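The values are calculated or read from the model by the stated rules, or taken from the named source; none is laboratory data. None of these values were measured; they are calculated from a predicted model. Cβ coordinates were reconstructed from backbone atoms using ideal geometry, including for glycine residues, and neighbour counts include every protein chain displayed. Accessible surface areas use protein heavy atoms only, side chains included; no ligands, DNA or RNA. Shrake-Rupley method; radii C 1.70, N 1.55, O 1.52, S 1.80 Å.
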Amino acid sequence: MKIASRQRTGGVPDVHGLRIPERTVELLRELINSTCGIYYDDARVDLLRDRLVPLAIERGFDSLLDYYYLLKYDAGGALEWPRVMDALSVQETYFWRESDQFRALTRTIVPQLIAQGRHLIRIWSIPCATGEEPLSIAMALEEAGAFRQAAFQIHASDASAAALAKAAQRRYGRRSFRQLPEDLRDKYFTRAADREEWTVSQELFNRVTSWSRLNIMSPAESASLATCDVIFCRNLFIYFTPVSVLDVVTRLGAAMPSPGFLCVGAAESLLRLSTVFDLKDLGGAYVYVKP
C-alpha cells in the first residue's frame, strides 16, 4: 500500500484514516530495535512508519498506537511479529556476493579445520534472505571438492518467512546472477522456457541442511546455530546500533568453537566494538577469527 495522503487533525497525523499519536513512531522504533536489532534513524523513520501503517490497517486498528500495544503487550503479538519482519526485511542480494570470502572458506578455512581433525564442519548463513548466500557457499564447496574431504552442514536462517518461502521455490531472476560466472550458472541452474528465471538444481539445494525463520537477537532462537564453525553474518549489522551489534557478536564469540570464523560484510567493522575476534587477512579476504 502506498502512503500518499497525510493530514493533521487535532495535532495527530492521519495516514489513510489511521491516527498516529505523538511519539508513536518513536516508540515503535525503540521496540523494533530492542526486539530484532534493526534501527531506523531520523532520516529513515518515515520509511518505518510507511511499512507499518498497512499492517495496522489490515488489523483493523484506527490508531498506530494500538498496533504498538499489540506488539508490546498483547498475547497475540507473537503471531504478529513475523508479519513485521516480512515488512521490514531487505531482500536485496545476489549469488557470489563478496566472493573473496567464499574463496577464503574453501582455500584456507576448510583446509585448516580439516587439518585440526574436524570431520563435520558446520556453516551458518544469517540472514540468508532468499537463499543466494547459502547456495553460493554450497557451490563454492562443491567446486573445491570439499564434500569429498569432510562432512558439512550448511544452515540458512532469516527473520523473514516470506524470504524463506521464496528460497523454497528455488527460482531466481536475472538480478540474482549479476556476479555469478556464467559457467557456474549453467552448471547448477536450469533456465526456464521464458528465459527470465533459472531454477537451482535439486542436488545443490539439498546441500543446504536446514532453512529456519530465526531472530538473531533472540538468544534462545540462535543458541544452537551460534556454535557453528563458520558464520556468514553479512550486511546485517549495517542496520543495527553498536549496542545491538556488540550483543550479537559477544554471544557468537562465546558460543563458537576455537578457532571460529565470522564473515561480515565489507562495509561492516567490529574493530571498535569487540575484542572477541581478531581480524585476519585470509588469502585476500578479511575474516574475523576467534582465536
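Here are a few things to note about the model shown:
- Unit Cα scatterers, Debye sum, region 205-261: log10 I(q)/I(0) for q = 0.15, 0.18, 0.22, 0.26 Å⁻¹: -0.47, -0.67, -0.97, -1.24
- If R0 is taken as 41 Å, the Cβ-Cβ distance between Glu22 and Leu279 corresponds to a FRET efficiency of 0.40.
- Over the Cα atoms of region 122-174, the radius of gyration divided by the Kirkwood radius equals 1.02; this is the Rg/Rh ratio.
- In plain terms, the chain from Ala223 to Ser99 could stretch by 41.9 nm, reckoned as 0.36 nm per residue minus the Cα-Cα distance.
- Relative counts (whole %) of C-alpha pair distances in the chain, using bins that are 10 Å wide: 6, 26, 30, 22, 12, 3, 0
- The GluC sites (Glu not before Pro) found in region 163-228 that occupy coil by DSSP, while having at most 13 further C-beta atoms within 10 Å, are Glu196.
- Alpha-carbon centroids, region 168-190 and region 50-127: separation in whole Å: 22 Å
- Using only alpha-carbon positions in region 86-209, the gyration tensor eigenvalues give semi-axes of 25, 17, 13 Å once each is multiplied by 5 and square-rooted (largest first).
- Accessible surface, the chain, averaged per residue in Å² (probe 1.4 Å): 47 Å²
- The heavy atoms of Cys233 offer some 0 square angstrom of accessible surface to a 1.4 angstrom probe.
- The simple spin-label model puts a point 7 Å past each Cα toward its Cβ; for Phe147 and Ala161 those points are separated by 3.1 nm.
- Shown are Tyr73, Tyr239, Tyr188, whose ranking by accessible area with a 1.4 Å probe and every protein chain present, most to least, is Tyr73, Tyr239, Tyr188.
- Translational D in µm²/s for region 182-236 (Stokes-Einstein at 4 °C, 1.567 mPa s, Kirkwood Rh from C-alpha pairs): 91 µm²/s
- Only Cα pairs under 8 Å and 6+ residues apart enter the sum, and on that basis the relative contact order of the chain stands at 17 percent.
- Probe 1.4 Å - accessible area at Trp81, Å² to nearest ten: 40 Å²
- Working from label points 7 Å from Cα in the Cα-to-Cβ sense, the Ala267 to Arg191 distance is 3.2 nm.
- Looking at the chain, the DSSP beta bridges with both ends there are about 55 percent antiparallel.
- Within the accessible area of region 158-201 (1.4 Å probe), percent carbon and sulfur: 44 percent
- Against the criterion of solvent-accessible heavy-atom surface with a 1.4 angstrom probe, Leu79, Leu273 sort, most first, into Leu79, Leu273.
- FRET efficiency for Thr250 and Tyr69, using Cβ-Cβ distance with R0 set to 35 Å, rounded to 0.05: 0.65
- Calculated from backbone phi, Karplus (6.51, -1.76, 1.60) coupling profile of region 193-198 in Hz, x at Gly/Pro: 4, 7, 6, 9, 9, 10
- Nonlocal amide H pairs with Leu282, under 5 Å, H built at 1.01 Å: Val287
- Using a probe of 1.4 Å on the protein chains alone, the accessible area found for Glu92 is around 90 Å².
- Within-13-Å neighbourhood charge of Ala168 [Cβ basis; K, R +1; D, E -1]: +3
- Residue-normalised convex hull volume from the C-alpha trace of region 194-291: 157 Å³ per residue.
- Estimated from the Cβ-Cβ distance and a Förster radius of 22 angstrom, the FRET efficiency linking Glu203 and Gln91 is about 0.35.
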